[in-house]
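Have a look at the structure below, then the notes.
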Amino acid sequence: MKKLISNIKELIAIDDDARLLVRGKDMSELKTIKNAWLLINGEIIEDYGAMSDFNEDILGDCDEYAEIDATGKIVMPSFCDSHTHIVYAGSREIEYSDKIRGLSYEEIAKRGGGILNSVKLLQNTSEDELYEQSLERIEEIISQGTGAVEIKSGYGLTLEDEMKMLRVIKRLKETTPLLIKSTFLGAHAVPEEYKANQDDYVDLVINEMIPQVAAEDLADYIDVFCDKGFFTVEQTDRILLAGIKHGLRPKIHANELANSGGIQVGVKYNALSVDHIEYTGKEEIAALLNSETMPTILPGAAFFLNMPYSPAREMINAGLPVAIASDYNPGSSPSGNMKLMMSFACVNYKMLPEEAIYATTINTAYAMGVSDVVGSITRGKLANLIITNDIPSYQFLPYAYGSDLINSVFLKGEIIL
Ligand code: NIG
Ligand code: FE
């Protein structure tokens, strides 16, 4: 049965041209229709328009349809969250206090805390238990309006435990209505036993993990934490090359802690995205301008770790696209709330609400390789939609940063919430 959403106060982020990303000053121009309707046929957005142009012929050859009245409400594409680590075990609120006392992310990591803390927890958690814990987070982000999510491995750091994480992601792909992409992040941190021989761990990632991950078709992308104190540009280069040989396009953590050269090595290998990028200057912007790589900011991590902010305005003013993802993980961003990320984007990065909407929908869809099927209100795309509560305007969404404001959620044309 078709579904008609009628009397929509404002239908936003419409893209008749099906652009795969939105860049530069186009990011401040949002196409909307006030007092609109939208027709869903199965999983797909069939058509939309203004109520003043609506007539029964629009429904086509269907005898019955369900009507959802959206008077006073805004309809928008679901959020796409192109960077998360939501498959993890337990939590790390103990480090929260250490951070408040003044320890830096790197200091916590050096003491065997940080990522390695989550690694220990994950290695001692069964695959089923890991799935259950992750499923709860999936349900949480669905209720917050996310319709597509990328999930990384990287808390296993042994062949067996990385495979365990990737199998959990695969199971989530099969059992939840979210559109999920999976990224292999074996090079997330150096395990304790390899501290003196970091290159031996890089060899393990290249020679054993990548071939096995590829053989079992468990990942769509490859990631490396390329930064001061983690993996060098040279090591990143080797790992990305090995991943590409096995059909895995890069999407990397870069320039979170220093001007590490991560952005350039990402661009060199045509990464789909370079993420974090707090340390981005003129050279990095120039490299990105000649690329197909999406600069992706993770405002939750910068907020939570009290880090410098990535220069979003300079990037947009230079003509670049910008994406905003949550980085949902137990150490640097224990939240996957994309509406909150929009608020951070506006307040901390001086992005306009229009720019924040594109950055959390179509541009993140591009950054996870799904912008041909989701990320905008476009005929033929999946009906992954948010219907808001009664609100005065779309700008109210990032403005009212602590309010939920989500009335219902459609995923693949079905009402989920
Ligand atoms: O994206 N920067 C590297 N990795 C994660 C943090 C993971 C953790 O602390 O557990 C991030 O912030
Ligand atoms: Fe991350």
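Bear in mind these aren't lab numbers, they're just calculated from the coordinates by the rules spelled out. Small disclaimer: the values here were computed from a predicted structure and weren't measured. When we count neighbours, we look across all protein chains shown, and the Cβ atoms used for this are built from the backbone with ideal geometry, even at glycine.
What residue among LYS228, LYS164, LYS245 shows peak mean-square fluctuation when the chain is described by a Gaussian network model with Cα springs under 10 Å?
Highest fluctuation of the listed residues: LYS245.
In whole angstrom, how far apart do the alpha carbon centroids of region 373-388 and region 304-347 sit?
23 Å
Which of CYS226, CYS80, CYS346 ends up with the largest GNM mean-square fluctuation for the chain, with Cα atoms connected below 10 Å?
Highest fluctuation of the listed residues: CYS346.
Tell me whether region 290-339 comes out rounded, prolate or oblate; compute the Cα gyration tensor, take square roots of the eigenvalues as a ≥ b ≥ c, and use a/c under 1.5 as the rounded threshold.
Since a/c reaches 1.5 and a/b is larger than b/c, the shape of region 290-339 is classed as prolate.
In percent, what relative contact order does region 79-366 have, based on Cα pairs under 8 Å that are 6 or more apart in sequence?
RCO, region 79-366: 18 percent.
Measuring from centroid to centroid over Cα atoms, what is the spacing of region 254-293 and region 77-141 in Å?
25 Å
GNM on the chain, C-alpha springs below 10 Å: top fluctuator among ALA189, ALA66, ALA50?
ALA66
Using only DSSP helix segments of four residues or longer, with each worth -39500 (n - 2.57), what per-residue ellipticity at 222 nm results for the chain after dividing by its residue count and rounding to 500?
Value at 222 nm, helices only, nearest 500: -9500 deg cm²/dmol.
What does the C-alpha gyration tensor say about the overall shape of region 79-366? Classify as rounded when a/c is under 1.5, otherwise prolate if a/b is larger than b/c, or oblate.
rounded
Within region 15-38, list the residues whose amide N lies under 13 Å from a label point set 7 Å along Cα→Cβ of SER52.
33-36
Which entries of LYS181/LYS412; LYS164/LYS251; LYS99/LYS228; LYS152/LYS350 show an alpha-carbon separation above 23 angstrom in the structure shown?
As for pairs spanning more than 23 Å Cα to Cα, those are LYS152/LYS350.
Under the classification rounded if a/c is under 1.5, otherwise prolate if a/b is larger than b/c and oblate if not, where does region 263-373 fall, given a ≥ b ≥ c as square roots of the Cα gyration tensor eigenvalues?
Taking the square roots of the gyration eigenvalues as a ≥ b ≥ c, region 263-373 is rounded.
Just to be sure I understand: of the beta bridges DSSP finds with both ends in region 79-366, what percent are antiparallel, rounded to 5?
5 percent
Please list, in chain and number order, the residues 5+ apart from MET294 or on another chain whose amide H is under 5 Å from its amide H, with Hs placed from the backbone.
SER273, VAL274
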